[in-house]
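Step one of this worksheet: look at the structure below.
FYI, it's all coordinate maths here, none of it is from the lab. Keep in mind it's a predicted model, so treat the numbers as computed, not measured. Cβ placement follows ideal geometry from the backbone for every residue including glycine, while neighbour counts extend to all protein chains displayed.
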Amino acid sequence: MAKVYPSIPRPLVRANQVIIVSSVVLFWLFSQPLFLLIPIIPGLSGQLLHFNPVFIVAKKFLRKPLSTYAQEDKADQRFNQWIALTLLSIAFVSSLLDYWLVAYVSSALVLTAASIAIAGFCIGCFIRYQYLRYRNQKKATR
């Protein structure tokens, strides 16, 4: 089993986001659901086995030690990945069932979030922060 780190170097996270954006764009251009499997399979592998093939390939292009790059919180990234996997899976299954509107809307949500994350703002992190804040406030009032 791969070594588990408390954080993930930002270039690896960005590589994963680029794969997601590229795959959704290809899905839209060609209306081919198989393109959605490109981020789904490594994403599931990363979530369930702690082995993300995208990270393995992306590491080969990094010139400095992983610890020298800006780090992303692993818990935030796992939360984000589950959201992306859920929506991409909905898009994949919906497209197979010819529910194209559902497929395009759910993939558009992922495309938007990943694109904004590449630009520097993590919507999933913000959602998780607000959820944790709400949960802690609820605990404090009990």
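Annotations
- GNM result for the chain, Cα springs below 10 Å: residue of VAL57, VAL93, VAL13 fluctuating most strongly: VAL57
- Shape of the range 7-140, Cα gyration tensor, a/c cut at 1.5: oblate
- Calculated SAXS-style log₁₀ I(q)/I(0) at q = 0.25, 0.30 Å⁻¹ - the range 65-122, Debye, Cα scatterers: -0.97, -1.14
- For the range 44-83, the equivalent ellipsoid derived from the alpha-carbon gyration tensor has semi-axes of 20, 14, 7 Å in decreasing order.
- For the chain, the relative contact order works out to 29 percent when only alpha carbon pairs closer than 8 Å and six or more residues apart are counted.
- Ranking PHE27, SER95, CYS122 by how far each Cα lies toward the positive end of the dipole of the range 7-140 (charges on Cβ) leaves CYS122 at the top.
- Magnitude of the charge dipole for the chain, about its Cα centre and with charges confined to Cβ atoms of Lys, Arg (+1) and Asp, Glu (-1), is about 760 debye.
- Cβ-based exposure ranking for LEU85, LEU97, in which fewest neighbours within 10 Å come first: LEU97, LEU85
- Distance between the range 82-114 and the range 29-45 - C-alpha centres, whole angstrom: 10 Å
- GNM result for the chain, Cα springs below 10 Å: residue of ALA84, ALA114, ALA15 fluctuating most strongly: ALA15
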